[in-house]
1. So, in segment 113-168, of the ones that are part of a helix (DSSP H, G or I) and among the hydroxyl-bearing types (S, T, Y), which residue ends up farthest from L61 (Cα to Cα)?
2. Report yes if F139 is surrounded by 16 or more Cβ atoms within 10 Å (Cβ to Cβ) and modelled with pLDDT of 95 or more, otherwise no.
3. Which number in (1) touching a residue at least 60 places away in the same chain (Cβ under 8 Å); (2) closer than 30 Å to P34 by Cβ; (3) among the β-branched types (V, I, T) marks the one condition that V176 misses?
4. If the requirement is being closer than 30 Å to K7 by Cα and crowded, with 20+ Cβ neighbours inside 10 Å, which of these qualifies: A147, A154?
5. Need the failing condition index for T92 against (1) closer than 16 Å to A16 by Cα; (2) over 19 Å from the mean Cα position of the chain (by Cα); (3) touching a residue at least 24 places away in the same chain (Cβ under 8 Å), just the number.
Amino acid sequence: MTNKKTKVYTTSIARANLFALIITIPVAAIFATPYLMLWPLATLADSLDNILIKFIPALILGTIIHELIHGITWAIYASKGWRSIKFGMKWTLLTPYCHCKEPLKKSHYLLGAIMPLILMGIIPGLTGIATGNPYLLLFGIFFTWAAAGDILGAWMLRKVEQTEWVADHPDKLGFVVLDKK
């Protein structure tokens, strides 16, 4: 495999955190508005008194599952499977991460990047709206926020051609585009 060109697309954890902050109110509004149109406010308010007891353990476990979802999805498409997946922790930022050590087709990389958003943000949030379950609603809102870096990565991928291959950046939030011929 020869690389005719490479292009690096990265962003900082600080920018991802700023983006998460910026989308806080819009994401909450997108989920909470239909919820509050369908269910009484009391349904949501009554659950908030004991939310820490139920929700904090779910957030900790959910953070680990978020990274596992990246890994599982990328391992499905990586030629070396699980041997291409690395999990770790950036202790200075208290941020867990998942890294794919081999290039993937753009579509496969994108799917792995957004799968936690879909499975842990959008689906639980919509299920919370449909069923009136405030915990699923809040879980979906939180894990949509938690996918802010993934959303930024997916946004950066819009500039990448479908025929190009994408390698997860080994040290930063982002990727390197390889033109494999």
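The values are calculated or read from the model by the stated rules, or taken from the named source; none is laboratory data. Just so it is clear, the structure is predicted and the values come from calculations on it, not from any experiment. Every residue, glycine among them, receives a Cβ derived from its backbone with ideal geometry; neighbour counts consider all protein chains shown.
1. Filtering segment 113-168 for residues that are part of a helix (DSSP H, G or I) and among the hydroxyl-bearing types (S, T, Y), the one farthest from L61 (Cα to Cα) comes out as T131.
2. Taking the combined requirement at face value, the residue does not satisfy it.
3. Only one criterion is unmet by V176, namely (2).
4. When all the criteria are applied, what remains is A147.
5. Checking T92 against (1) closer than 16 Å to A16 by Cα; (2) over 19 Å from the mean Cα position of the chain (by Cα); (3) touching a residue at least 24 places away in the same chain (Cβ under 8 Å), the one that fails is (3).
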